[in-house]
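Visitor: Mind having a look at this structure? Questions to follow.
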Amino acid sequence: MSGGVRIALVLPDLLGTYGDRGNVLVLERRLHWRGIPSETVTVLSSSESVPESCDLYLLGGGEDVAQTAAMRVLSRSPGLQRAAGRGVPVLGICGGLQVLGAEFVTGDGARHAGLGLVDAVTEPAADRAIGEVTAECLLAGVGMLTGFENHLGRTRLGPGAMPLGRVTRGIGNGPGRAEGAVHGHVVCTYLHGPVLARNPALADLLLEWAVGAPLQPIAEPAELAALRMERTRVRARNPK
Ligand code: GLN
């Protein structure tokens with residue numbers, strides 16, 4: 001990783017609702033605060049190919065049509081799938097979660113194959129899940145997750161995936177209180193926010209996987225203010 005951490009922002013022209021692109025800014029800034037250089041590679045739907053040499057891949061949310069178009073691009077050029085197969089971390093949000101799963105059904109009833117990187121199947125529900133979410137993260141050291149959800153799909157996990165968290169408020173994947181999915185270093189969530197701005201411990205876990213070493217804590221005033229704000233949000237959403 002001589003030139004720094006290479007972050008792939010995958011198809012932001014298709015998958016990038018609710019400011020998911022902000023996740024890349026969070027990762028860049030957290031590396032910068034630690035003196036670690038980074039380079040962001042933006043993969044647009046018009047790009048010739050998806051690189052497989054990046055250290056971390058980000059996919060945001062998108063509506064059904066955009067999601068289906070993203071599937072076409074990613075299956076044509078399987079750089080992301082190859083990198084994930086080597087254990088490179090991938091974060092998929094909302095529509096990105098559904099694309100990383102085994103299969104998703106769009107609102108019109110059409111069934112689509114996903115990339116199959118996580119054991120998850122998504123089908124539309126009668127109503128959209130919209131609002132604030134809190135969930136206890138099942139990955140060690142991350143703590144409470146918070147974010148904003150807006151999706152029609154409900155996701156069932158198979159035995160090959162574990163939930164990212166247990167919902168304490170909101171809908172997440174749907175019945176069963178699961179939120180998101182994890183398989184190896186592929187992490188999926190329904191949370192926008194951007195999720196890594198609202199959950200810096202999750203950002204650091206992905207960065208540790210990308211760098212392959214523990215990272216120093218950050219004591220910037222901006223970081224401390226953001227953590228205070230998140231604690232206030234969690235308390236407001238989960239009154240005792
Ligand atoms: N099309 C998906 C759904 O509604 C994802 C929506 C999104 O990414 N915001 O379930």
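Visitor: Calculate, in nm to one decimal, what Ala126 and Val41 gain on full extension: separation in residues at 0.36 nm each, minus their alpha carbon distance.
Guide: Answer, rounded to one decimal: 26.8 nm.
Visitor: Can you show me the helix-derived [θ] at 222 nm for the chain, built from DSSP H runs with n ≥ 4 at -39,500 (n - 2.57) apiece and divided by the number of residues, rounded to the nearest 500. Intermediate results must be reported in sequence, preceding the final value.
Guide: On the way: 7 runs with 71 residues, N = 240.
After summing the helix terms and dividing by the residues of the chain, the value is -8500 deg cm²/dmol.
Visitor: Also: Taking the chain as a Gaussian network, where each spring joins two C-alpha atoms under 10 Å apart, which residue of Arg82, Arg30, Arg198 fluctuates the most?
Guide: Highest fluctuation of the listed residues: Arg82.
Visitor: Based on the alpha-carbon gyration tensor of the chain and its eigenvalue square roots a ≥ b ≥ c, which shape applies: rounded if a/c is under 1.5, prolate if not and a/b is larger than b/c, or oblate?
Guide: Since a/c reaches 1.5 but b/c is at least a/b, the shape of the chain is classed as oblate.
Visitor: Also, I was wondering about something else. Mind giving me the FRET efficiency for Asn150 and Arg82? R0 is 22 Å, r the Cβ-Cβ distance, nearest 0.05 is fine. Walk me through the intermediate numbers first.
Guide: Details: r = 31 Å, r/R0 = 1.42.
E(calc), rounded to 0.05, equals 0.10.
Visitor: Which of Tyr190, Tyr57, Tyr18 ends up with the largest GNM mean-square fluctuation for the chain, with Cα atoms connected below 10 Å?
Guide: Tyr18
Visitor: From the Cα gyration tensor of region 107-240, with a ≥ b ≥ c the square roots of its eigenvalues, which class applies: rounded if a/c is under 1.5, or else prolate if a/b is larger than b/c, or else oblate? Write out the running numbers ahead of the final one.
Guide: On the way: a/c = 2.25, a/b = 1.37, b/c = 1.64.
Because a/c hits 1.5 or more and a/b fails to exceed b/c, region 107-240 counts as oblate.
Visitor: Enumerate the residues in region 1-27 having an amide nitrogen under 13 Å from the point lying 7 Å beyond the Cα of Ile218 toward its Cβ.
Guide: 23-27
Visitor: A further question follows. By how many nm would the segment from Glu63 to Glu48 grow when fully extended, if each residue of separation counts as 0.36 nm and the alpha-carbon distance is taken off?
Guide: Working: separation 15, 0.36 × 15 = 5.40 nm, distance 2.30 nm.
Answer, rounded to one decimal: 3.1 nm.
Visitor: Can you report the principal axis dimensions of region 1-104 using only the alpha carbons, biggest first, rounded to whole angstrom?
Guide: 40, 28, 24
Visitor: Magnitude of the Cβ-charge dipole of the chain, K/R +1 and D/E -1, about the Cα centre, nearest 20 debye?
Guide: Numbers: 23 positive and 23 negative charges, 124 e Å.
I would put it at about 600 debye.
Visitor: Toward the positive end of the charge dipole of the chain, about the Cα centre and with charges on Cβ (Lys, Arg +1; Asp, Glu -1), which of Ala178, Ala102, Ser53 goes farthest?
Guide: Projecting each Cα onto the dipole axis, the largest value belongs to Ala178.
Visitor: Say the dipole of the chain comes from +1 at the beta carbon of Lys and Arg and -1 at that of Asp and Glu; which of Gly4, Thr146, Val24 then lies farthest toward its positive end?
Guide: Of the options given, the answer is Thr146.
Visitor: Still on this model: Once the Cβ-Cβ distance between Arg228 and Ala201 is put in as r, and R0 is 25 Å, what FRET efficiency do you end up with, to the nearest 0.05? Mind dumping the intermediate values first?
Guide: On the way: r = 14 Å, r/R0 = 0.57.
Between Arg228 and Ala201 the formula returns 0.95.
Visitor: Modelled label-to-label distance, Asp13 and Asp108, 7 Å Cα→beta-carbon offset: nm?
Guide: Computed distance between label sites Asp13 and Asp108 equals 2.2 nm.
Visitor: Looking at the chain only, what percent of DSSP beta bridges run antiparallel? Nearest 5 please. Display every interim value, and only then the final one.
Guide: Values: 27 of 46 bridges.
Around 60 percent of the beta bridges assigned by DSSP in the chain are antiparallel ones.
Visitor: Could you size up the charge dipole of region 46-172 around its Cα centre, putting +1 on the beta carbon of Lys and Arg and -1 on that of Asp and Glu, and report it in debye to the nearest 20? Don't skip to the answer; put the middle values down first.
Guide: Numbers: 10 positive and 13 negative charges, 44 e Å.
Computed about the Cα centre, the dipole is about 220 debye.
Visitor: Report the residue, chosen from Leu117, Leu139, Leu196, that carries the largest GNM mean-square fluctuation when the chain is represented by alpha-carbon nodes joined by springs under 10 Å.
Guide: Evaluated over the chain, the most mobile residue of the options is Leu139.
Visitor: Could I ask something else about it? How large is the dipole of region 182-240 about the Cα centre if only Lys and Arg carry +1 and Asp and Glu carry -1, each at its Cβ, rounded to the nearest 20 debye? Provide the component values of the computation, followed by the final result.
Guide: Working: 7 positive and 5 negative charges, 104 e Å.
Charge dipole of region 182-240: 500 debye, to the nearest 20.
Read-outs: derived from the displayed coordinates by stated rules, not from any lab. This one's a predicted model, so the numbers in the text were calculated from it and none came from an experiment. All Cβ positions, glycine included, derive from the backbone under ideal geometry; neighbour counts span all protein chains shown.
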